[in-house]
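Below is the structure I would like to discuss, written out as structure tokens.
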């Protein structure tokens with residue numbers, strides 16, 4: 001091989017691996033479903049710049065491609081990766097994909113070199129073959145891990161499984177249930193926002209302790225059937241369907257489909273009790289208890305929540321330092337489950353008083369004379385409006401940092417904007433997703449549009465001062 005041919009050989013391998021890195025990053029963001037990467041991506045122009053155009057250029061300019069690759073594409077992709085706030089996580093699935101891609105590319109390039117193919121090698125074929133091969137490997141491993149998880153659950157005969165779903169507040173509800181029940185039982189809950197079938201299977205196999213008495217699991221969905229699959233894996237004895245609303249409409253299209261999907265959680269062979277929010281259905285069933293309208297004398301301030309609720313046949317007063325009146329729905333579910341599992345009214349009242357805010361969900365932080373309400377992981381209209389209402393109780397200047405609602409409707413974003421206009425002195429809008437609508441409809445004394453979130457800390461340092469309250473309302477990774 002001549003020097004130019006050797007250079008073309010290695011350039012091709014590096015080019016294919018670069019495209020593979022871009023592909024697997026996007027696949028990980030969208031739950032490894034290629035149809036979502038292609039049809040649901042929020043920045044499809046990335047696909048043209050970093051995948052489709054480079055493929056065309058590779059075959060169009062052939063021997064001069066190295067100039068474009070080393071001086072344009074490769075540096076731009078490195079810069080793109082560095083600016084991502086949600087970078088690819090090097091899981092074993094990602095490693096297997098990259099190892100397989102490298103092996104296939106090397107094999108194909110050697111084969112073509114031996115046949116005298118010249119300086120232009122295959123690019124799309126190794127990627128396609130790797131995707132198909134990776135899909136087959138992961139499918140096989142998934143079934144293996146799924147069987148392992150089912151066997152582990154079956155072996156824990158005294159384990160009570162509580163499964164939580166809904167459009168809003170699933171993670172908060174899961175954490176509140178775990179905190180309340182842990183006052184009496186050995187409790188384990190799925191970490192962070194793990195709520196897919198694959199994530200739950202991995203959590204059961206790797207992290208569920210053998211001594212656990214109560215396993216609390218969060219179930220999420222992007223398609224009809226997602227929650228049914230989780231229900232069939234776990235067969236929970238107790239399920240909760242929290243408030244349902246127009247969240248993820250771009251996937252489900254209608255509210256009725258969302259409601260039907262959330263109710264898939266009741267399809268459990270071991271179901272003993274289902275607690276269902278009144279926003280989901282009103283169809284009676286012997287195992288169903290409806291909730292959501294039993295809270296009385298609610299007072300939600302920047303210091304916490306007070307409310308009254310009937311527990312075990314008696315009216316009780318509850319107090320918690322958790323912020324947000326909407327959280328009473330999630331706390332109500334925790335109280336119902338605790339009562340179902342035999343905790344006394346006194347035990348439940350004390351457990352609720354000890355509740356801690358869930359990280360990034362209306363979490364209050366006092367720093368530098370400023371009050372910060374970190375609601376970065378809340379992406380629904382009810383929660384965001386409650387955060388705005390709480391800010392209105394503050395006597396000083398009010399600042400909001402938000403990308404708006406994600407996977408929602410223009411009408412709900414307009415409702416959000418009207419609420420912001422009525423309360424805030426400064427609004428910092430992050431990201432490009434809703435930028436045009438916010439720029440048009442937002443009417444506050446000071447409006448700042450940030451396309452690059454890396455500028456946010458600097459901007460906040462420049463425009464805020466002691467005495468301000470700052471609300472971080474929702475957050476969206478910059479691939480959205």
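Based on alpha-carbon positions alone, could you give the equivalent ellipsoid semi-axes of segment 4-59 from the gyration tensor, as √(5λ), descending, whole Å?
Taking √(5λ) for each eigenvalue gives 26, 13, 7 Å, largest first.
Order by neighbour count: 357, 414, 207, 167, fewest other Cβ atoms within 10 Å first, most last.
207, 414, 357, 167
Please report, in whole Å, how far the alpha carbons of segment 357-411 spread along each principal axis, starting with the longest.
Cα spread of segment 357-411 along its principal axes, largest to smallest: 36, 23, 16 Å.
Please report Rg over Rh for segment 156-353, where both radii come from the alpha carbon positions and Rh follows the Kirkwood definition.
Answer for segment 156-353: 0.95.
Would you calculate a helix-derived [θ] at 222 nm for the chain, using -39,500 (n - 2.57) for each DSSP H run of n ≥ 4 and dividing by the full residue count, to the nearest 500?
-14000 deg cm²/dmol
Alpha carbon centre of segment 407-480 versus segment 129-186: separation in Å?
Segment 407-480 and segment 129-186 have Cα centres spaced 35 Å from each other.
What do you get for the angle between helix 124-155 and the principal long axis of the chain? Use alpha-carbon atoms, 0 to 90 degrees, nearest ten.
Computed tilt is about 30 degrees.
Additional query: If I take every Cα pair under 8 Å that is 6 or more residues apart in segment 253-378, average their sequence separation and divide by the length, what percent do I get for the relative contact order?
In percent, rounded to a whole number, it is 15.
Consider all pairwise Cα distances in segment 363-473 and report the whole-number % of them above 18 Å.
Pairs farther apart than 18 Å: 43 percent.
Return 217, 163 ranked ascending by Cβ neighbour count within 10 Å, so the fewest neighbours appear first.
Going from sparsest to densest Cβ surroundings: 217, 163.
Just the number: Rg to Rh for the chain, Cα atoms, Kirkwood Rh, two decimals.
Dividing the radius of gyration by the Kirkwood radius yields 1.03.
For the Cα atoms of the chain, what angle does the longest principal axis make with the long axis of helix 74-83, in degrees from 0 to 90, nearest 10?
Result, in degrees: 10.
Counting other beta carbons within 10 Å of each Cβ, put 464, 4 in order, fewest first.
Ascending number of Cβ neighbours within 10 Å: 4, 464.
Let me ask something else about it. How long is the gain from residue 211 to residue 421 if the chain were fully straight, where each residue apart is worth 0.36 nm and the alpha carbon distance is subtracted?
Full extension from residue 211 to residue 421 adds 70.4 nm.
For segment 18-140, max minus min Cα coordinate along each principal axis, in Å, sorted largest first?
Principal axes ranked by extent give 40, 34, 23 Å for the Cα atoms.
Output the 0 to 90 degree angle, nearest 10, between the alpha-carbon long axis of helix 170-181 and the longest principal axis computed from the alpha carbons of the chain.
The answer is roughly 50 degrees.
Since every read-out is calculated from the coordinates, none of them should be taken as a lab result. Keep in mind the model is a prediction, meaning the values are calculated, not measured. Glycine also receives a Cβ, built like all others from the backbone with ideal geometry; neighbour counts cover every protein chain displayed.
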